[in-house]
Amino acid sequence: MSVDTTIRMGSLNLRTPLLTGSGTFGYGDEFGSIIDYSSFGGIITKSISLKPRAGNPPPRICETQSGGIINSIGLANVGIYNFIESKVDTLPMGKTEVFLSIVGDSVEEYVEVVEKLEDVSGIAGYELNVSCPNVRRGGLDLGGDKEAIAAIMSSVRTVTGRFVSVKLTPHYPVIAPVAQAAVDAGADALTLTNTLVGMEVDVERRKPLLGNVTGGYSGPPLKPVALAKVWQAAQVVDVPIWASGGMVNGIDCIEFLLAGASALQLGSVLFADPYAPGRILNEMIEYCERHDVTRLSDLVGKLETR
């Protein structure tokens, strides 16, 4: 039995629903010698800002005793000018679709970064990071209400016709109004979700394990939270949802498809196993073969709740 793994989203046709989560795959060049891009529908770069960011003080990442990891990178990046000069040529365009993650401290910064990237050919689209939990400005503050998110999205839409997804935080008790606001402002997709705020303590030293004290909690324990947010958003918006949160195997990914996701971002699992995408895709195909499903896209939103 042959299973069609392609996913259609607007004008985009992804080879598979698997994407890389922003911040877990660098700019794509770091994995070039070991990754088989045929497993991916696309990659999402680490976030790019207007000016270079040094990021947070080390230590920047730690494992937790309850499972998962906490990172406090602080959106360290080379800035848009250095990115265009030194990173664009290393992007795996032609091998897979490339989406650029964008971050800013103001609406104007998001717009300026996107404007500068419009002259770069081969880019499939953008992901607007409005919800990073490990920066002291912007992040959750800027993306903390639906009016701010709508202002960012609508302003970005005036300067680009490319595909744009808005990445939302899981910290909203009710995700539906924020999701709807982003879509009404012009978002082509939603990414659900970013990491949760977390921390870990070294009790012997009585100090936090991270230099920034708190950071973004990700990995398998985040999956139930992300799964619920995907399902809740899928009830109210009619755009593709990019799921992000705790997927480590094919069955995890099938759960998110059934809940309403169209694409699936792999993140923390890539740190443990950079070859995981090929295994995960095969596990998804095996599931389809067991259940006589001929297209992965036929599973999107097919969760039976009654």
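No value in this document is a laboratory result; all are computed from the given coordinates. This one's a predicted model, so the numbers in the text were calculated from it and none came from an experiment. When we count neighbours, we look across all protein chains shown, and the Cβ atoms used for this are built from the backbone with ideal geometry, even at glycine.
Key figures
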item: Under 12 Å, Cβ to Cβ, from residue 249 - net charge with Lys/Arg +1 and Asp/Glu -1; result: -3
item: Two-site label geometry, residue 106 and residue 120: point separation in nm, points 7 Å out along Cα→Cβ; result: 2.3 nm
item: Cα pair distances of the chain binned at 20 Å [whole percent]; result: 36, 59, 5
item: Among 105, 202, 184, residue whose mean-square fluctuation peaks in a GNM of the chain (springs only between Cα atoms under 10 Å); result: 202
item: Radius 9 Å from Cβ of residue 223, net charge of other residues (Lys, Arg +1; Asp, Glu -1); result: -2
item: Within a Gaussian network of the chain (alpha carbon springs, distance under 10 Å), most fluctuating of 127, 204, 147; result: 204
item: Under Karplus coefficients 6.51, -1.76 and 1.60, residue-wise ³J(HN,Hα) of the stretch 195-202 in Hz, glycine/proline x; result: 6, 8, 6, x, 8, 9, 10, 8
item: Cut-off 13 Å between beta-carbons: net charge of the residues surrounding residue 26, Lys and Arg +1, Asp and Glu -1; result: 0
item: Amide proton proximity set for residue 95, modelled H, under 5 Å, gap of 5+; result: none
item: Segment residue 54-residue 95, extension gain: residue separation times 0.36 nm, minus the distance between their alpha carbons; result: 11.8 nm
item: Backbone N under 20 Å from the residue 86 label point (7 Å along Cα→Cβ), restricted to the stretch 29-52; result: 29-33, 45-52
item: Label point distance in nm, residue 306-residue 199, each placed 7 Å from Cα along Cα→Cβ; result: 4.5 nm
item: Across 95/116; 223/302; 167/223; 116/223, pairs whose alpha-carbon gap is larger than 27 Å; result: 116/223
item: Gain in span if fully extended, residue 147 to residue 6, counting 0.36 nm per residue against the direct Cα distance; result: 47.3 nm
item: Distant-in-sequence amide H partners of residue 102 (H built 1.01 Å from N, under 5 Å); result: 48, 127, 128, 129
item: Choice from 203, 113, 237 showing the highest fluctuation, given a GNM over the chain with Cα pairs closer than 10 Å; result: 203
